[in-house]
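The values are calculated or read from the model by the stated rules, or taken from the named source; none is laboratory data. Just so it is clear, the structure is predicted and the values come from calculations on it, not from any experiment. For neighbour counting, all protein chains shown are included, and Cβ atoms are generated from backbone atoms with ideal geometry for every residue, glycine included.
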Amino acid sequence: MITSREIHLIARPPDDLPVPGEVAMVEVPVPAPEPGQAVVRNMYMAIDPGLLQRMRDLSDLHVPHFQLGGPMWGHAIGEVVESATPELQVGDVVLHHMAWREYAVADVKEFTVLDTTRYPSISHHLSSAIVAYCGVRRIGIEHGDTVVVSSAAGAVGSVVGQLARLRGATRVVGSVGSAEKVRLATEELGFDEAFDYHDGWPEDLGGVDVYYDNVGGWQLDSAFNAMRPHGRILLCGSSEEHRSGRPHGHRTMQMVIGKRLTLIGFTTNDHLDLLPEFEREFPPLVRNGEVVLHETFVDGLDQLIPAIKSLLDGAYLGKVLLRF
């Protein structure tokens, strides 16, 4: 019988990343599929900043917590290796939510068969491009806008900057965390400028029309200072707070009033009506080379927890994927 390694959540980490005793690697037998089910061997799993939040005992999440005592969930791509349903064939490549494990067994309704010709790489189906696309559409980037994007070399921000340029932004600036990321943003992703936020925000950055915020914290405060009157800020992520678990108290709300800024809290689930448009318009941009989906791969399930730490420490470029 095939066995599968899985990472189970045993106890909720109170502050930082989970330690032994809070998570466990478990080896389990993979059962034969019942009628209407299939067995899938996972190939890739998306590693996102929000995974740590879902492990914790937080009451204000807009997504469900991971349950104790079993494998956690997340976006994954796998190949059907055994099927007991005519709707799935051995060899089909599918998208599903049963990550954190080497094999997944479930009803056919849990799997979506992928068109492997849609993107240059199968792994691109796990990109965060839908978040970037819906966010750019929601904030309404226009011709002539100056746009600043935080975490501009990350999974979402790297795509936001490219889409902003395609939608007519005059100046696209990225906030990143290293010299290597400055190079990536300006030389490969089409940003006009990029800066290392460890050196602070440039004092001459003023005149920002749109700030696409992926990090929260003090960088959001800096953005308030740089915004033009009637500027728009999209609040997409708060990765600076994911690891500490402590909210950042913003002390610049008076500036929001004085500049008549618009702040928009954003989650993709509110904009699923844009999915058909995204599926029609975005993949050709990637196939034609107009948008680059940068990826970093981490190999092996035993590297997943360290990879989450490295992601939150800013060690990676683009979308981070676990390769099984």
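With the requirement that a residue be of a type outside the set (S, T, N, Q) and under 11 Å from A153 (Cβ atoms), what does the stretch 180-189 give you? Walk me through how you get there before you give the answer.
At the first step, the residues of the stretch 180-189 found to be of a type outside the set (S, T, N, Q) are 180-185, 187-189.
Listed by number, the residues that qualify are E180, K181, V182, R183, L184, A185, E188, L189.
Quick one: which of S121, S127 is modelled with pLDDT of 95 or more, under 15 Å from the mean Cα position of the chain (by Cα) and over 24 Å from M25 (Cβ atoms)?
So the residue among S121, S127 that is modelled with pLDDT of 95 or more, under 15 Å from the mean Cα position of the chain (by Cα) and over 24 Å from M25 (Cβ atoms) is S127.
Would you mind listing the helices (runs of 4 or more DSSP H) fully within the stretch 108-218 where at least 3 residues are free of Cβ contacts under 8 Å to residues at least 60 places away in the same chain? Walk me through how you get there before you give the answer.
Working: elements: 129-139, 157-166, 179-183.
Correct list: 157-166, 179-183.
Could you list all residues from the stretch 83-103 that are part of a strand (DSSP E or B) and in contact with a Ser or Thr (Cβ under 8 Å, 6 or more places away or on another chain)?
V93, V94, L95, H96, R101, Y103
I'm trying to understand the selection: among the residues of the stretch 222-252, which are out of contact with any Lys or Arg (no Cβ under 7 Å at 6 or more places or on another chain) and modelled with pLDDT of 75 or more?
S222, A223, F224, N225, A226, R228, R232, I233, L235, C236, G237, S238
For the stretch 54-82, which residues satisfy the criterion of being buried (at least 20 other Cβ atoms within 10 Å of the Cβ) and either modelled with pLDDT under 85 or part of a strand (DSSP E or B) (or both)?
Within the stretch 54-82, M55, P71, A76, I77, G78, V80 qualify.
State all residues of the stretch 256-271 that are closer than 15 Å to S222 by Cα and either among the basic types (K, R) or not in a helix (DSSP H, G or I) (or both); if no residue qualifies, say none.
The answer is K259, L261, L263.
If we scan the stretch 90-97, do we find a residue that is over 30 Å from L285 (Cβ atoms), crowded, with 17+ Cβ neighbours inside 10 Å and not polar (S, T, N, Q)?
No, there is no match, as no residue in the stretch 90-97 is over 30 Å from L285 (Cβ atoms), crowded, with 17+ Cβ neighbours inside 10 Å and not polar (S, T, N, Q).
When the stretch 282-324 is examined, which residues are found to be in a helix (DSSP H, G or I), of a type outside the set (S, T, Y) and without any contact (Cβ under 8 Å) to a residue 40 or more places away in the chain?
Hits for the stretch 282-324 are P284, Q303, P306.
Looking at the stretch 12-40 only, could you name the residues that are farther than 29 Å from L312 by Cβ and either within 24 Å of the chain's Cα centre (by Cα) or part of a loop (DSSP other than H, G, I, E, B) (or both)?
Going through the stretch 12-40, the residues farther than 29 Å from L312 by Cβ turn out to be 29-39.
If the condition is that a residue be farther than 29 Å from L312 by Cβ and either within 24 Å of the chain's Cα centre (by Cα) or part of a loop (DSSP other than H, G, I, E, B) (or both), then V30, P31, A32, P33, E34, P35, G36 are the ones that fit.
Select from the stretch 187-207 the residues that are of a type outside the set (D, E, K, R) and under 21 Å from the mean Cα position of the chain (by Cα) and write down the one among them that is farthest from G318 (Cα to Cα).
Initial filter on the stretch 187-207 (of a type outside the set (D, E, K, R)): 189-191, 194-195, 197-198, 200-202, 205-207.
Retained after the next criterion (residues that are under 21 Å from the mean Cα position of the chain (by Cα)): 189-191, 194, 197.
Numbers: L189: 10, G190: 14, F191: 14, A194: 15, Y197: 17 Å.
Within the stretch 187-207, the match that is farthest from G318 (Cα to Cα) is Y197.
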